[in-house]
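Have a look at the structure below before the remarks.
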Amino acid sequence: MNFFLQLLINGISIGFLYGLSAMGFVMIFKSSSVLNFAHGELLALGAFFFLAMVTWVKLPIAAAFIVTLACCFILGFIIERFFLRPLIGEPLIYVIMLTVGLASMFKGLMLLVWGGNLQTYPAFLPEVLGIQWDVINIPPVYTAALIIGIMFLILFGLFFKYSSQGIFMRSVADNQRAALSLGVHVQKVFALSWAIAALVAGMSGIVLGIINGINVHDLSAIGLKVFPVVILGGLDSIGGAIIGGIIIGLLETFTGGYISPSLSDVVPYIVLVFILMVKPYGLFGLAEIERV
Amino acid sequence: MKKLNFHPCGNYKERYEQEITIFETDFGRLWSWIGIFFLFVILPFISSPYFLHVLNMVGIASIAAIGLNILIGYTGQISLGHGAFIGVGAYAAAILATSVNMPFLLTLPMAGLISAMVGMIFGIPSGRLKGLYLTIATLAGQIIIEYVLVHWESLTKGTMGITLPRPSILGMELESDRSFFFLIFCCLIVMIWLAVNLMRTKYGRAFIAIRDNDRAAEGMGIPLFRYKLLSFGISSFYAGFAGAIWAYYMVSITSEPFTLGLSVEYIAMVIIGGLGSVSGSIYGAVFITFLNEILRWLTGIMMNIGVITESGLNVAPLREFFFGTSIVLFILFEPRGLAEVWRIIRSNFRLWPFAY
């Protein structure tokens, strides 16, 4: 029973991280219908920026965090402006392959600068955040991740509901043409959604880096694990990403705990194939209806 | 004597046969014969063993890239699992050759067929899905196959790998790079011939119709699911065939090369070469293989003169970076690839000096 509880807690916390990582992905897809294969590399870039700020520039943690998020925001802007904007209206394969190309470009760049070894941040989280309750042990990082994650969720909820830019973004996601004819600056919305997505990705990258250490290969593998998460939750639902993430996380830890540890890496993809065959638009996704 | 065909100064095609003819002019036919002569009679005897090895890798990559181009370029189904299908072919050949003792000439097509079957299984989602959903399904296929190759130890020997016997054709043993050269390029020419002619049949036309507009294609009476599955099968057959040759050429295989990275490499070949063009796949294969070799040579030089002293640095990150960059640049500036560049160069020569 204790084993079960610990697995449950682990699964939920890992799943929450997956959900957090998937949030940025969903945001890009929702507004510009681009499937971003470079998402794992965006996570890693955020983690490495933070590392550079903390160890090379030696900024205090809070300042480093804010500078990193600002860098990611600008990076997202640049990616959209120089790489994605020329491809608006081009066939799907070019857009997908562009993000695949960007992914290996960033990955190579990071390997050149930081190498492929595992690196860690200096410890800075207060021990108070750790929860020790009977047999259940939650490390401080997970609590911090939970707090940051919920904070961002609320922030984005408010942003999309009340701010004018958020409403523009939703309108573009809903119907690009109608939004354009009503005077929404669609290109600005695309740029903004990429910037925000890169920011969220950077944030999740930092959290993941604190937990597992920073390694280009691991972080880009998480970028691929985003796919089962978002397909399960529905490609265009931010809440669905979190719930999908938790389900996938639970599935992974239980497979790892009860069946075989090596299988746990593949289970999400096996589930992915089944979901795609049975319910391709996921739990909360909007079904695409094609009319001739 | 038959009248020679030259480039007409307009579109004078009157029948469909003229439209689908492979060589528009007799010069094209002549040049391709000269090319084949040069390839088989001169090239293998003047090039060094290293260059022959590179050419062999180009040949193998070309076969697999043509297969991927049939799927992506002609049928419009984006697959991220091509690397895994090559792996299936390589393992199929290795297992058939070691445990069943199948003769070499039979293992190649058998490996292709097994790979085609696996490919069709992962093509089943294409019945309901299209576009990006299908891409994600093939991504899952890649990761699942990779896992099976490593963990089905009783069959694939896990990370130990399998060593293949030396292949022999009618009692003749293939051992040198040169004998493999003849084998690989004979196979390549047969595969090119098959692919080019496939696209002139009703199947090829159906593929192109599905790519251009799947709903219209269905409206014209093309059973979408069956043709998509067929395209997956043909593409994986090419992949498996190339994988089998690779396994024999490399003598021993492990599951290490058949990762998502390999799939991306092949998509890069197809995009850089030119989507929807058989010759484009070959240009792409040449480009990527030579890029690989140049980068390896470059890192070697930099290591020697001491620009790079870090012992951990190898060719992998540079390769990733240049792959990524070349994919991005081609998509942004010449999305139709090297085939289009070549066409533009040729037509410039033809029209010079009176371009209209």
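A compact table of results
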{"quantity": "Exclusive hit being surrounded by 21 or more Cβ atoms within 10 Å (Cβ to Cβ) and either over 30 Å from B:Asp214 (Cβ atoms) or among the aromatic types (Phe, Trp, Tyr) (or both), set B:Leu80, B:Leu108", "calculated": "B:Leu108"}
{"quantity": "Residue selected from region B:116-131 under the condition free of Cβ contacts under 8 Å to residues at least 24 places away in the same chain and either in a helix (DSSP H, G or I) or in contact with a Cys (Cβ under 8 Å, 6 or more places away or on another chain) (or both), by the criterion farthest from the other protein chains (Cβ to nearest Cβ)", "calculated": "B:Ile121"}
{"quantity": "Elements of type helices (runs of 4 or more DSSP H) in region A:190-292, at least 1 residues being more than 13 Å from every other protein chain (Cβ to nearest Cβ)", "calculated": "A:216-233, A:238-254"}
{"quantity": "Residue match in region A:109-122 (condition: under 19 Å from A:Phe190 (Cβ atoms), touching a Phe, Trp or Tyr at 6+ places or on another chain (Cβ under 8 Å) and either within 14 Å of chain B (Cβ to nearest Cβ) or buried (at least 23 other Cβ atoms within 10 Å of the Cβ) (or both))", "calculated": "no"}
{"quantity": "Matching entry among A:Leu263, A:Leu251, A:Leu272 (being of a type in the set (A, V, I, L, M, F, W, C), more than 17 Å from the chain's Cα centre (by Cα), crowded, with 24+ Cβ neighbours inside 10 Å and more than 14 Å from A:Phe25 (Cβ to Cβ))", "calculated": "A:Leu272"}
{"quantity": "Output for region B:61-113, where each listed residue is within 26 Å of B:Met172 (Cβ to Cβ), at pLDDT 90 or above and not in a helix (DSSP H, G or I)", "calculated": "none"}
{"quantity": "Hey, A:Ala63 of a type in the set (Gly, Ala, Ser), free of Cβ contacts under 8 Å to residues at least 24 places away in the same chain and under 29 Å from A:Lys188 (Cα atoms) or not", "calculated": "yes"}
{"quantity": "Any hit, region A:83-93, residues being small (Gly, Ala, Ser) and within 13 Å of chain B (Cβ to nearest Cβ)", "calculated": "yes"}
{"quantity": "Number of positions in region B:151-197 that are crowded, with 17+ Cβ neighbours inside 10 Å and part of a helix (DSSP H, G or I)", "calculated": "12"}
{"quantity": "Wholly within region B:202-285, helices (runs of 4 or more DSSP H) carrying at least 2 residues that are away from every other protein chain (no Cβ under 13 Å), surrounded by fewer than 24 Cβ atoms within 10 Å (Cβ to Cβ) and touching a helix residue (DSSP H, G or I) at 6+ places or on another chain (Cβ under 7 Å)", "calculated": "B:202-212, B:224-250"}
{"quantity": "Any chance A:Ala22 is surrounded by fewer than 20 Cβ atoms within 10 Å (Cβ to Cβ), out of contact with any Lys or Arg (no Cβ under 7 Å at 6 or more places or on another chain) and not in a loop (DSSP other than H, G, I, E, B)", "calculated": "no"}
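The values are calculated or read from the model by the stated rules, or taken from the named source; none is laboratory data. Here the structure is a predicted model, which means the values were calculated and not measured. All Cβ positions, glycine included, derive from the backbone under ideal geometry; neighbour counts span all protein chains shown.
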